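Take a look at the structure below.
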Amino acid sequence: MTSSANTMIDVQGVSRAFHTAGTTVHAVRDVSLEVARGEFLAIIGRSGSGKTTLLNLIAGLDKPDSGAVFVDGEDITKYGDREMTEFRRHTIGFVFQSFGLLPLLSAAENVELALRIAGAGLRDRGRRTDELLEQVGLTPRAGHRPYELSGGEQQRVAVARALANEPPLLIADEPTGELDSATGAQIFQLLRDVAASGVTVVTATHDPFVIEHVDRIVEMDDGALVSKPADEEPAPAAPGPARRALPPRRPPPGV
Ligand SMILES: Nc1ncnc2c1ncn2[C@@H]1O[C@H](COP(=O)(O)OP(=O)(O)OP(=O)(O)O)[C@@H](O)[C@H]1O
Ligand SMILES: [Mg+2]
């Protein structure tokens, strides 16, 4: 079982290898990692070090060859298809490098669609869309389509959409990969605010500016974690990031 009620993610000795064209790539090797509720964690490491593979295992998009992945106290590697669908629908929000907005829908419609998929009723959808766009600072752009928005604004819409089902966990794989450094810093600040509201945020990034915004950084190298897991050392191994006190836990989602 997970070690404490304050633990959102508990990755226990997870490995994942890919076998392609006669070769085996050990993308994730015996990784153990704990992430607290409301923590903002960044996974860094060079290209091919296994960051996306690890995020996919945490998000239930892929299953490990060995080890366990507890999210919110449940071992998601044991989930069948139906439980996994429920898990993705209610527990996880995703933000990707390339935003992934639907081009013919406005910012508000992109968010509203996510609310519809999450099962929100018609009456709630308008109100929640307004709230979410306000949360990401995009109220004045609600009617704009993606091509009428800057990259940073599109990523804000993507964050609003990812939060539509009020997930306790937000996964962001290279969320600033297509943005300039100043805009990227604003997106990390937004994710910082999301974490401060009680959502656990895990991001994989090459962006050096992440250091200024996260609670903790872990580094991957050739599939393994370089820095120590959270339960072994209170301080991060990577230089720079000031450890912030974790914010109080957000009250449970109302929907
Ligand atoms: N579906 C797959 N099939 C075969 N090999 C894969 C697959 N997915 C990832 N790999 C390999 O696993 C290793 C880790 O890939 P991963 O995408 O996790 O790295 P990453 O750290 O996210 O890299 P980047 O910073 O470039 O996004 C790489 O060597 C990659 O080629
Ligand atoms: Mg990657």
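Read-outs throughout are calculated quantities, based only on the coordinates presented, and are distinct from any laboratory measurement. Predicted model only: the values in this text are computed from it and were never measured. Using ideal geometry, Cβ is built from the backbone for each residue, glycine included, and neighbour counts are taken over all protein chains shown.
Taken over the chain, the ratio of Cα radius of gyration to 2.2 N^0.38 Å equals 0.98.
To the nearest ten degrees, helix 81-90 and the longest principal axis of the Cα atoms of the chain are 60 degrees apart. Against the empirical 2.2 N^0.38 Å (N residues), the stretch 154-231 has a Cα radius of gyration ratio of 1.11. Taking the centroid of alpha carbons for each part, the stretch 155-220 and the stretch 92-136 are 17 Å apart. For the stretch 142-153, putting each phi into the Karplus relation 6.51 cos²θ - 1.76 cosθ + 1.60 with θ = phi - 60° gives couplings of 3, x, 7, 7, x, 5, 9, 10, 6, x, x, 5 Hz, in residue order, rounded to whole numbers and with x for Gly and Pro. In terms of packing, defined here as the mean over residues of other Cβ atoms within 10 angstrom, the peptides 90-97, 18-25, 79-86 line up highest first as 90-97, 79-86, 18-25. Annotation for Asp81 and Ser47: the two label points, set 7 Å from Cα along the Cα-Cβ direction, are 3.6 nm apart. Taking the helices alone, the chain has a mean residue ellipticity at 222 nm of -8500 deg cm²/dmol, built from -39,500 (n - 2.57) per DSSP H run of at least 4 residues and averaged over all its residues.
Taking the longest Cα principal axis of the chain as reference, the axis of helix 181-196 is set at about 80 degrees. Under the shape rule built on the C-alpha gyration tensor, where the axes satisfy a ≥ b ≥ c, the stretch 21-94 is oblate, since a/c reaches at least 1.5 while a/b does not exceed b/c.
Here the scattering of the stretch 94-170 is modelled by Debye summation over its C-alpha atoms, one equal scatterer each and no solvent; at q = 0.20, 0.24 Å⁻¹ the log10 of I(q)/I(0) is -0.75, -1.10. Spacing of the modelled spin labels on Leu104 and Ser150, each 7 Å from Cα toward Cβ, amounts to 2.9 nm. Compute the acute angle (0 to 90°) between the alpha-carbon long axis of helix 107-117 and the principal axis of greatest extent of the alpha-carbon atoms of the chain; round to the nearest 10°. Orientation of helix 107-117: about 60 degrees from the principal axis.
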